[in-house]
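Report on the following structure.
Just so it is clear, none of the values below were taken in a lab; they were calculated from the coordinates. Everything numeric here is computed off the predicted structure, so don't read it as measured data. All Cβ positions, glycine included, derive from the backbone under ideal geometry; neighbour counts span all protein chains shown.
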Amino acid sequence: MIAGGGAAYGPRRKGRANAVQKDAYTLLMEAIEAGVYKPGDRLVESELAERLGVSRTPVREALQRLETQSMLTRDGRSLIVASLDHNQLAELYTVRTELEGLAARLAARHASPEEVRVLKGMVADDRALLGGDPRALSRANKRFHKQIHLASHNRFLVQQLDLVHRSMALMANTSFAAEGRDEVALDEHARIVAAIEAGDGEAAYLALKSHISQAFETRLRVEAGELRTR
């Protein structure tokens with residue numbers, strides 16, 4: 001009886017531990033994406049456990065998982081939020097440009113009328129954010145691109161784009177902070193949606209690739225001091 005009870009208890013404990021671990025990982029990932037923890041910030045296991053209200057074990061496991069995903073890097077014995085150098089940034093945008101373009105092409109082919117209406121509604125709603133907090137526009141931009149990913153109806157492409165966008169969280173700022181970029185970007189969104197609605201895969205592909213290229217150029221110009229940020 002004791003052995004049987006122990007066997008039954010073990011899986012339940014493991015299930016609860018996995019749930020806590022997932023929560024710790026998700027919360028830490030969301031904090032990095034939201035800029036609560038920025039590139040170069042040191043993450044201390046004990047402080048995180050206290051903040052999240054969990055034991056140190058799930059936090060330690062979440063940190064190890066983030067490290068294996070290259071979201072964190074070691075500085076001696078400490079873990080810090082990773083950052084992207086110029087070459088890594090260029091490589092990331094190269095991959096993102098092609099994958100996002102493919103998602104738009106497939107969305108033009110497979111998106112339902114309902115999905116197109118959601119995309120059009122996002123563009124219209126996001127115009128209310130113009131001139132406001134760049135971080136709010138950045139969050140809206142992520143939702144817009146995620147909707148295109150889903151409208152591609154290709155689960156493997158969505159998985160790869162999720163990995164790319166996870167790495168995007170390692171950039172210290174958003175291109176929407178550049179003066180004038182917000183309105184231009186929303187106009188680009190409108191052209192992407194128009195091509196998807198028309199079922200023109202090539203136009204959608206090119207429109208989204210151009211959109212990502214302009215975002216990358218804007219980011220480079222900000223870093224070079226050619227553009228001011230808000």
**OP:** Post the alpha-carbon centroid distance, the range 82-104 to the range 132-147, in whole angstrom.
**Re:** 18 Å
Original post:
Once the principal axes of the Cα atoms of the range 86-223 are found, what is the range along each, listed largest first in whole angstroms?
Top reply: 38, 32, 21
Subject >> Likely footprinting exposure, Ser70, Ser138, Ser175, fewest C-beta neighbours within 10 Å first >> reply: Ser70, Ser138, Ser175
Subject >> Cα-centred dipole magnitude for the chain, charges only on beta-carbon of K, R (+1) and D, E (-1), debye, nearest 20 >> reply: 940 debye
Subject >> the chain: calculated mean residue ellipticity at 222 nm from DSSP helix runs of at least 4, using -39500 (n - 2.57) >> reply: -24000 deg cm²/dmol
Original post:
Looking only at Ala198, Ala62, Ala111, which one moves most when the chain is put into a Gaussian network model with springs between Cα atoms under 10 Å?
Top reply: Ala198
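Counting other C-beta atoms within 10 Å, which of Phe176, Phe156 has the fewest, and how do the rest follow?
Working: Phe176 25, Phe156 8.
The most exposed by this proxy come first: Phe156, Phe176.
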Original post:
Taking the chain, how many lysine pairs are there with alpha carbons less than 27 Å apart, if each pair must be eight or more places apart or span two chains?
Top reply: 11
**OP:** Take each of the peptides 25-31, 83-89, average the number of other beta-carbon atoms within 10 Å over its residues, and list them starting from the highest.
**Re:** 25-31, 83-89
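Please give the net charge around Ser213, taking every other residue with its beta carbon less than 12 angstrom from that of Ser213, where Lys and Arg add +1 and Asp and Glu add -1.
Taking every Cβ under 12 Å from that of Ser213, the sum is -1.
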**OP:** Find the percent of Cα-Cα distances in the range 35-92 that exceed 14 Å, and round it to a whole number.
**Re:** 58 percent
Original post:
For Ser46, what is the net charge nearby, where nearby means another residue's Cβ is under 15 Å from its Cβ and Lys, Arg count +1, Asp, Glu -1?
Top reply: +1
Subject >> Hull volume in cubic angstrom per residue (convex hull over the Cα atoms of the chain) >> reply: 159 Å³
Subject >> Farthest toward positive dipole pole in the chain [+1 Lys/Arg, -1 Asp/Glu at C-beta], among Leu63, Ile192, Pro113 >> reply: Leu63
Subject >> Positive-pole candidate from Ala24, Ile212, Ala224, dipole of the chain, charges at beta carbon >> reply: Ala24
